[in-house]
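Trainee: First, the structure itself, so that you have it in front of you.
Rule-based calculations on the coordinates, nothing more; no lab input. Model, not experiment: these values are computed from the prediction. Here the Cβ is made from the backbone with ideal geometry for all residues, glycine too, and neighbour counts use every protein chain on show.
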Amino acid sequence: MKNFELQHIQRRKRSNRIMHILFLFSTMIGIVTLGILLVQIIAKGSGWISLDFFTHFSSRFPEKSGIKAAFFGTLWLMLITAPLTFIIGVSTAIYLEEYAKNTWLSRFIQTNISNLAGVPSVVYGLLGLTIFVRLFDLGRSLISGALTMTLLVLPVIIVAARESLKAVPNHQRNASLALGANPWQTILRVVLPSAMPGILTGSILSLSRAIGETAPLIVVGAASYIAFVPNSLFSDFTAMPIQIYSWAGRPEESFGQLAAAGIIVLLIMLLGMNLIAIMLRNKYQRS
């Protein structure tokens, strides 16, 4: 009997070691691939990054081309999309988790929100074209693009926020209510601060997806070339993914290097956004 137990334990240990090696190997494949891509992009594009690259508009001459319009277009898009996504997404999650009763309608809404997270981005582009550009007559403007991107990433932040709210222990809610707080005060002062790290993690994931999307913006009508910086919500615009795609599609090698430089700038912008969100998340985790 003891020999059988020892053999069983040894088999489990071997199985555990095999799975550990397999998972480590799978992780290393992704890390090594990402590292190779980053090295190639930095090697190709770092020489093109200069002050002129940020102060010049796109041009048919590589040496005169820059990313100014696309950079400010992406900045505008994120400044509009981020607060809209956060406010609408968290408000929806609070309603579904804290106020909505367990009815067939609420379950139907929750199921469809989860399904919407997997819908291809080009479908959201068609939806934005139909609703914002044509129905609301906003035109092919910056606000149409921002609202379309908001629709794109809302399901991600709603699902993440709901899971974070659900993870807050009920005894915290009960203690707040027992001390005389009403439900909204309990949500605002007890539940939300506890759930905020998870909500901000969802925000990082959703905005990381939004900043790199191209298909919805092309469908909505973002320009591949403009020679001005957007100055209102109704201005024409372009974005960095579209500009990078435009450069990468040209046969000249210099434009491929410009595309690599644009990718570096886009990654730095993405990392900066993530850093701010992570700092806020850590602040709430400590409090």
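Trainee: Could you let me know the centre-to-centre spacing of the stretch 149-190 and the stretch 94-134, using Cα atoms, in angstrom?
Mentor: 19 Å
Trainee: At a temperature of 10 °C and a viscosity of 1.306 mPa s, determine how fast the chain diffuses translationally according to Stokes-Einstein, using the Kirkwood radius over alpha-carbon pairs as Rh; express D in µm²/s, rounded to the nearest whole number.
Mentor: 72 µm²/s
Trainee: In the Gaussian network model of the chain, springs joining C-alpha atoms below 10 Å, which of 31, 204, 263 carries the largest mean-square fluctuation?
Mentor: The residue with the greatest mean-square fluctuation here is 31.
Trainee: What FRET efficiency, computed as 1/(1 + (r/R0)^6) with R0 = 30 Å and r the Cβ-Cβ distance, is obtained for residue 51 and residue 123, rounded to the nearest 0.05?
Mentor: About 0.15, to the nearest 0.05.
Trainee: Another question about this same structure. Using unit Cβ charges (K, R positive; D, E negative) and no other charged atoms, how large, in debye to the nearest 20, is the dipole of the stretch 2-48 about its Cα centre?
Mentor: Rounded to the nearest 20 debye, it is 320 debye.
Trainee: Something else now. For an R0 of 30 angstrom, estimate the FRET efficiency from the Cβ-Cβ distance between residue 114 and residue 22 and round to the nearest 0.05.
Mentor: Computed FRET efficiency for residue 114 and residue 22: 0.55.
Trainee: Among 196, 78, 28, determine the one that fluctuates most according to a GNM of the chain built with springs between C-alpha atoms less than 10 Å apart.
Mentor: Of 196, 78, 28, the Gaussian network model singles out 28 as fluctuating most.
Trainee: I would also like to ask the following. How much length would be gained if the chain were fully extended between residue 61 and residue 280, taking 0.36 nm per residue of separation minus their Cα-Cα distance, in nm to one decimal?
Mentor: That works out to 74.6 nm of additional length.
Trainee: Where does each of 152, 38 land when they are ranked from fewest to most other beta-carbon atoms within 10 angstrom?
Mentor: 38, 152
Trainee: Just 45, 30, 139 to compare: in a GNM of the chain, with alpha carbon springs under 10 Å, which one fluctuates most?
Mentor: With Cα springs under 10 Å in the chain, the top fluctuation among 45, 30, 139 is at 30.
Trainee: Mind checking Rg over Rh on the stretch 2-48, alpha carbons, Kirkwood formula for Rh?
Mentor: Rounded to two decimals, Rg/Rh equals 1.49.
Trainee: OK, next. Work out the length of the dipole vector of the chain about its Cα centre, built from +1 on the beta-carbon of each Lys and Arg and -1 on the beta-carbon of each Asp and Glu, and round it to the nearest 20 debye.
Mentor: Dipole of the chain, to the nearest 20 debye: 1220 debye.
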